[in-house]
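In what follows, a structure is listed as structure tokens, so that the remarks can point back to it.
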Amino acid sequence: MREFDYIIIGGGCAGLSLAYELEIYEKLKNKTLAIIEPREEYKRDKTWSFWRVFNHNFEDCVKKSWDTFTINSPSQTKYVECKETPYQTIDSGMFYEKIISKLKLNKNIYFFKNINEINQNNSIIFNSVNESKNIEGNLWQHFYGVEIETPNNFFDEGIFNLMDFACDQRNRVHFFYTLPFTKRSALIETTWISELNNNSPNDYEFQIDNYLSNHLNIRQCKINYKEQGAIPLFRQNNIRKENEIYIGSAGDMTRLSTGYTFLNIQEQSKYIRENIENIKKTKLFKINEKYDFLDKIFLRVLKNNSREMGNIFYKMFECKSSSVINFLSNKSTIYQDISIISKMPKLMFLKQLF
């Protein structure tokens, strides 16, 4: 069985981002790489969005960018500008095509369907596949979205809706998320933060239909695309193995309070590329520990006070927009952290410290 210098398990966002980073900086010029991915074909299957707080490799895969957004509590709407850090959405189909076409030019890169097809003994392995099981009580951000096309102009394509809490909460945290791509097309998602073993929020199609008809007053539209997913809002307990490094969500690159992962993956990929020659002796790339500490408190508040979360998120954005965006993107200063914490209901959060 053939041996490789590097093995990437999982050819999704994290695995391909790392492979691309290594390839474009010529770290694979004299090295061999095996990518293990069972899918038969690459096609659009996800939407990755984030505030662009630093440059990345995939500007040409951005489907749309916005510099203004809204957040809605049941009774109020707030408009927020983000001109310095625009909100971007990556088209996964374009992302896959860009990376796969580049990797195919390197004869040292091979794709396999199963890890058992190759010898792993002497390779450095980058693993993006979670091995831990869902434990009762763990919170997930799970969602279902449709990209619709309306017969007439309907959307303001310059403003996206980050969170609309004016919807049925069912004793969980529920909001809708709308990304208008043109005046006649938008991605609309129903998003929940709850346990996965609670089935009450899972009538996704009914929720979307109800929101379109009764909230947005869209009676006729064409559905061009659907997506569904679940993001773990807890740290994984993957078993550490010699010569193996976890990447992506499996490597704790998901921000627990938000589910944002894409830009964290890009930072991790860059860090690995910069240290690839001594990667066995290099410490792991991690999100700053202060965010894990604050997020775990926030999630405990969320779990025990679900009815208040719309107002809590709304209050958060009463701070300067750059402070909130930097906080949600792991780039905040201690002063920005304090300004956000000061807006939170003190007693509610203090109870969750212990």
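The values are calculated or read from the model by the stated rules, or taken from the named source; none is laboratory data. Note that the coordinates shown come from a computational prediction; the quantities given were computed from them, not determined experimentally. Here the Cβ positions follow ideal geometry from the backbone for every residue, glycine too, while neighbour counts run over all protein chains shown. Side chains included, ligands, DNA and RNA excluded: accessible areas come from the protein's heavy atoms. Shrake-Rupley method; radii C 1.70, N 1.55, O 1.52, S 1.80 Å.
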Too-long pairs where the Cα-Cα distance tops 26 Å, listed order kept, from LYS290/LYS315; LYS104/LYS286; LYS98/LYS280; LYS27/LYS286; LYS98/LYS320; LYS296/LYS320: LYS104/LYS286; LYS98/LYS280; LYS98/LYS320
DSSP-assigned coil residues among GluC sites (Glu not before Pro) in segment 220-322, each with at most 15 further Cβ atoms within 10 Å: GLU242, GLU318
Sequence-distant residues sharing a close amide H with ILE125 (under 5 Å, placed H): ILE7, GLU244, ILE245
Rg and Dmax [Cα atoms of the chain; Å; Rg one decimal, Dmax integer]: 20.9, 63
Per principal axis, descending, Cα span of segment 114-249 in whole Å: 59, 33, 24
Whole-Hz ³J(HN,Hα) from phi, Karplus 6.51 cos²θ - 1.76 cosθ + 1.60, for segment 98-109, glycine and proline x: 4, 6, 4, 5, 6, 5, 5, 6, 9, 6, 8, 10
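Translational D (Stokes-Einstein, µm²/s) of segment 12-96 at 37 °C and 0.692 mPa s when Rh comes from the Kirkwood sum over C-alpha pairs?
213
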Flagged links, alpha-carbon separation over 29 Å, of LYS113/LYS241; LYS43/LYS183; LYS222/LYS331; LYS63/LYS83; LYS31/LYS241: LYS222/LYS331
Karplus (6.51, -1.76, 1.60) ³J(HN,Hα), θ = phi - 60°, over segment 162-177, in Hz, Gly and Pro reported as x: 6, 8, 10, 8, 7, 7, 5, 8, 6, 6, 10, 9, 9, 8, 9, 9
Sum of side-chain charges, GLN88 neighbourhood, beta-carbon under 12 Å (Lys, Arg +1; Asp, Glu -1): -1
Neighbour-limited loop hits for GluC sites (Glu not before Pro), segment 64-113 (at most 12 other Cβ within 10 Å; DSSP other than H, G, I, E, B): GLU84
Scattering curve values for segment 56-180, log₁₀ I(q)/I(0), Debye with Cα scatterers, q = 0.14 Å⁻¹: -0.96
Estimated FRET transfer efficiency (LYS222, LYS183; beta-carbon r; R0 22 Å; 0.05): 0.90
Neighbour cut-off at most 11 other Cβ (10 Å), DSSP loop, trypsin sites (Lys or Arg not before Pro), segment 83-146: LYS83, LYS104, LYS107, LYS113, LYS133
Percentage relative contact order, the chain, counting C-alpha pairs under 8 Å, at least six apart: 20
Solvent-accessible area per residue for segment 264-354 (1.4 angstrom probe, square angstrom): 57
Of MET94, MET163, MET253, the one that fluctuates the most in a GNM where the chain has Cα springs shorter than 10 Å: MET94
Under Karplus coefficients 6.51, -1.76 and 1.60, residue-wise ³J(HN,Hα) of segment 233-246 in Hz, glycine/proline x: 9, 8, 7, 6, 10, 5, 6, 6, 10, 5, 6, 10, 10, 7
Over segment 167-235, relative contact order from alpha-carbon pairs under 8 Å, at least 6 apart, %: 20
For GLU59, net neighbour charge (Lys/Arg +1, Asp/Glu -1) across residues whose Cβ lies under 13 Å away: +2
